[in-house]
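Notes follow the structure.
The values are calculated or read from the model by the stated rules, or taken from the named source; none is laboratory data. All values derive from a computational prediction rather than experimental measurement. Heads up, the Cβs are rebuilt from the backbone with ideal geometry, glycines too, and the neighbour counts pull from every protein chain shown. The area values use the complete protein model at the heavy-atom level, side chains included, leaving out ligands, DNA and RNA. Shrake-Rupley method; radii C 1.70, N 1.55, O 1.52, S 1.80 Å.
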Amino acid sequence: MDHVIVIAEAGVNHNADPEMARRMVVAAKEAGADFVKFQTAVPELVISSVAPKAEYQKEQTGDGESQLDMCRKLHFPIEFYRELKDYCREVGIGFMSTPFDLVSLRFLIELGTDYIKIPSGEITNLPFLREVAKSRIPTILSTGMSTLGEVERAVCVLADYPAPGEGVKRDEIIVLHCNTQYPTPFGDVNLLAMPAMGKALGLRYGYSDHTPGTEVPVAAVALGACVVEKHFTLDRSLPGPDHKASLVPDELRRMVTEIRHIEAVLGSPEKRVSPSERANIEVARKSLVAARDIRQGELLSYENIAVKRPGNGISPWEIDSVVGTRAKRDFPYDTLIEL
């Protein structure tokens with residue numbers, strides 16, 4: 001990776017409308033994202049008939065239906081993702097989708113994908129993690145609702161199943177710091193846990209964001225995130241559980257631009273003079289000049305030397321070695337001192 005990977009999370013914000021999904025692919029491409037990501041699931045394999053909705057889902061879609069019934073209305077048949085992947089290739093953007101069950105996972109592995117994205121809710125799903133490990137496909141692991149110990153346990157399965165070192169290569173596992181509340185209160189983001197987690201596990205890290213706005217994912221990049229994921233929608237007023245906590249296309253485009261700017265400004269740990277500012281040294285720094293007219297042979301002193309711009313003469317850093325010497329010639333007021 002030569003730059004931060006930006007994943008535009010379409011999720012289920014297409015509301016199971018194929019044309020809307022295609023429009024989201026184009027919008028993600030136009031915003032400058034590297035990937036557009038969907039969610040692939042067979043609802044009956046993911047959600048039991050008695051599973052309640054999350055509170056944020058109730059707030060956005062009401063409490064008159066089960067979580068299962070809601071998700072049945074939001075997901076495409078899995079074969080449609082084959083068409084979506086082809087459309088992404090045609091548009092020129094990477095395709096990703098998050099699987100939520102083994103059937104969907106196996107389908108995406110067979111379909112071919114640059115990364116397997118594991119959602120936060122599957123971090124304790126041992127059969128699911130083992131299936132990902134066997135695929136040996138580079139993996140992005142979301143870690144919402146998890147402790148560091150749970151993340152480490154999942155990473156060990158991914159890297160060491162079916163035998164030590166036979167799973168996903170550790171340098172191809174990326175852990176995403178995440179909070180699964182939509183929207184996430186700013187006080188619950190705990191962004192410093194992200195680089196700490198990466199350091200503790202010896203893995204690359206990133207951030208999956210559910211806060212309002214764009215400043216938190218941009219801050220994550222400043223803290224070293226190599227992947228940023230953010231939900232977007234074509235219209236926040238659309239019905240569905242995730243639209244209101246998502247960016248619209250113009251905001252997504254702005255976030256990508258801000259991330260690219262932060263990438264550019266981070267530079268390297270070396271403190272050096274940049275090419276753009278080198279010419280300013282002469283303008284902004286100072287030199288030793290005559291504080292009054294000085295005659296040839298006169299003793300140079302703190303009283304007859306001043307420190308003024310420009311910086312193309314003797315540096316004031318050298319003043320102690322200049323004081324006490326004799327003027328080699330006449331120095332009119334405000335002219336540079338020479339030795």
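Figures for the structure shown
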item: Rounded to 10°, Cα long-axis angle of helix 249-266 versus longest principal axis of the chain; result: 40 degrees
item: Segment 73-186: proportion of alpha-carbon pairs further apart than 18 angstrom, %; result: 52 percent
item: Mean separation of Cα contacts under 8 Å, 6 or more apart, over the residue count of segment 54-167: relative contact order %; result: 18 percent
item: Cα gyration tensor of the chain - equivalent ellipsoid semi-axes, whole Å, descending; result: 59, 22, 18
item: Simple spin-label estimate for residue 318 and residue 137 in nanometres, 7 Å along Cα-Cβ; result: 6.5 nm
item: All-pairs alpha carbon distance profile, segment 163-248, 10 Å steps from 0, percent; result: 17, 42, 26, 12, 2
item: Residue 171 versus residue 285: modelled label distance in nm, points set 7 Å from Cα along the beta carbon direction; result: 4.0 nm
item: Sequence-distant residues sharing a close amide H with residue 5 (under 5 Å, placed H); result: 227, 228
item: Estimated distance in nm for a label pair at residue 66 and residue 156, the labels positioned 7 Å out from Cα along Cα-to-Cβ; result: 3.6 nm
item: Rg over Rh [alpha-carbon atoms, Kirkwood Rh] for segment 213-261; result: 1.02
item: Per-residue SASA entry for residue 203, accessible area with 1.4 Å probe, Å² rounded to 10; result: 10 Å²
item: Over 25 Å between alpha carbons, listed pairs 308/328; 29/271; 29/53; 29/58; 85/117; 53/134; result: 29/271; 29/53; 29/58; 53/134
item: Calculated log₁₀ intensity ratio I(q)/I(0) where the Debye formula runs over C-alpha points of segment 142-187, q = 0.31, 0.32 Å⁻¹; result: -1.10, -1.13
item: Theoretical gain in end-to-end length, residue 114 to residue 273 [0.36 nm per residue, Cα-Cα removed]; result: 53.3 nm
item: Anchor residue 244: aspartates and glutamates whose Cα lies under 15 Å away (excluding residues fewer than 8 positions away in-chain); result: 9, 55, 59, 209, 235
item: Protein accessible area in segment 185-229, 1.4 Å probe - carbon and sulfur %; result: 63 percent
item: Accessible-area ranking of 22, 272, largest first, probe 1.4 Å; result: 272, 22
item: 0 to 90° range, to nearest 10: angle between helix 80-91 axis and the chain longest Cα axis; result: 30 degrees
